[in-house]
Amino acid sequence: MWEWGIMGIFGRRKDIERDAQPAAMDESLTMFSQDESDTFRARVRTRLAEMGYEVEVHPDQVVTDDGSHWGLWNLAANCHNDEAGPDGWEQTITTHFESLFAAKDAVSPLEAGLEATLASIHTRLVDASQLRQLGEDRFSYGTEFAPGVRQLLVLDTPTTIETPAEEHLTKVAPLATLLDQGWRNTRALLDSTDVDVERIEHDDLTFTCVLGESVFIASMALFLPEAVARWQPDADLSEGIIFSIPHRGQLNFAPAQPAQAALGGIMLMPKFAYLGYSDGAGGVSPHTYYWRDGVVTQLTEFTDEGANLTPGPDLERILGTLE
């Protein structure tokens, strides 16, 4: 078993600077220090009051006077990653809640009928732990894509992403019809979505990072060989693909052949994925995975002491050619 620490050999500049001046981390919004999170929550309360909403502010959510609960994680992640820093928070908070409140009053595609539902339905990869909050029995159709990651049907509209329970979906069409169309609609995004493709490099090791504004970037892993072929046409996929999907807007990958490419994925990607999941909006998984012939294996495991990475026999064989 290979072992490495969470603060391993590779880090982003922001994280290195943050480590140089350690501060108490907020327990609910872990991308912030305690002081930052206090400031953030105060600004959320103030801005919502200016928008006409009096709210109760809790560590991880706000509750409006009509009893609606609005989570703060994604908003906090967007503020944390705002290049303007706290100066940009007010606009980020405003845009976030304007979108949420507009979506609440919008007509669902399910209410609009079959044609609207088929046009908006997509397959999306989500953190399986989210289902415990939504009620797992209401999404029993959702199959496992990878350990800790499920694929669900969502409705993509101009203002929101809706995740209806199975009981609501099947009132409009048979589940098999919706699953097929959701798959097709997400696959179509692979050919049309604007993304930024970056090579992450450190000490002659590298992997590819795909980023975008679409909430379906991570879900492109459903079509992983096609996605890799699109963004790295010369990749050798004969030995599989090392990949991670930290949050909805990011997909990272490295072909497992040649061995140097596999080494880059194993050595660099785990920490990058862990950090991306920790402070990204729409977290999917902190883990790094290995895809081979349609089978996905989890490579990383996190403990209180740090993290373990287990390559498994195929990757051990590939990496053995470097010795």
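The values are calculated or read from the model by the stated rules, or taken from the named source; none is laboratory data. Keep in mind the model is a prediction, meaning the values are calculated, not measured. Neighbour counts are summed over all protein chains in view; Cβ atoms, including those assigned to glycine, are modelled from backbone coordinates with ideal geometry.
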Which of the numbered conditions does Gly52 fail, given that it passes all the others? Conditions: (1) assigned to a loop (DSSP other than H, G, I, E, B); (2) closer than 18 Å to Gly280 by Cβ. (2)
Breaking point among (1) under 25 Å from Thr123 (Cα atoms); (2) at pLDDT 95 or above; (3) surrounded by 16 or more Cβ atoms within 10 Å (Cβ to Cβ), for Val295: (3)
Tell me yes or no: at least one residue of the stretch 219-234 is closer than 17 Å to Leu315 by Cβ and among the acidic types (Asp, Glu). no
Given (1) more than 15 Å from Leu224 (Cβ to Cβ); (2) in contact with a Phe, Trp or Tyr (Cβ under 8 Å, 6 or more places away or on another chain), identify the lone condition not met by Trp291. (1)
Pick from Gly113, Gly148, Gly135: which is at positive phi, at pLDDT below 90 and not assigned by TED's automatic domain parsing to the domain that holds Ser214? Gly135
Applying the selection to the stretch 100-131, what residues are of a type in the set (Gly, Ala, Ser) and closer than 30 Å to Pro147 by Cβ? Ser120, Ala128, Ser129
Which count do you get for residues in the stretch 226-237 that are hydrophobic (A, V, I, L, M, F, W, C) and part of a helix (DSSP H, G or I)? 4
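Listed here are the residues, each with its yes/no results for (1) of a type in the set (Asp, Glu); (2) within 17 Å of Gln151 (Cα to Cα).
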site	(1), (2)
His202	no, no
Thr208	no, no
Ser214	no, yes
Glu226	yes, no
Asp234	yes, no
Leu237	no, no
Phe243	no, yes
His247	no, yes
Leu251	no, yes
Being touching a residue at least 12 places away in the same chain (Cβ under 8 Å) and either assigned by TED's automatic domain parsing to the domain that holds Phe145 or under 30 Å from Asn78 (Cα atoms) (or both) narrows Ser238, Ser214 down to just Ser214
Among (1) charged (D, E, K, R); (2) outside any helix (DSSP H, G or I); (3) touching a residue at least 24 places away in the same chain (Cβ under 8 Å), where does Lys104 come up short? (2)
Screening Glu50, Glu98, Glu83, Glu56 for residues that are closer than 24 Å to Val154 by Cα and loosely packed, with under 14 Cβ neighbours inside 10 Å leaves only Glu98
Please return the ranges of strands (runs of 3 or more DSSP E) entirely within the stretch 238-323 where 2 or more residues are of a type in the set (Gly, Ala, Ser). 250-257, 306-309
Just give me the residues in the stretch 178-205 being part of a loop (DSSP other than H, G, I, E, B) and either among the aromatic types (Phe, Trp, Tyr) or surrounded by 12 or more Cβ atoms within 10 Å (Cβ to Cβ) (or both), in sequence order. Thr193, Val195
Might you let me know whether the stretch 214-228 holds any residue that is farther than 25 Å from Thr95 by Cβ and among the acidic types (Asp, Glu)? yes
Name the residues in the stretch 129-177 that are basic (Lys, Arg) and surrounded by fewer than 16 Cβ atoms within 10 Å (Cβ to Cβ), would you? Arg132, Arg138, Lys171
Between Arg124, Arg138, which is within 27 Å of Arg184 (Cβ to Cβ), of a type in the set (Lys, Arg) and not in a helix (DSSP H, G or I)? Arg124
Picking from Glu98, Glu90, Glu83, the residue that is part of a loop (DSSP other than H, G, I, E, B) and outside the structural domain of Glu167 (by TED's automatic domain parsing) would be Glu83
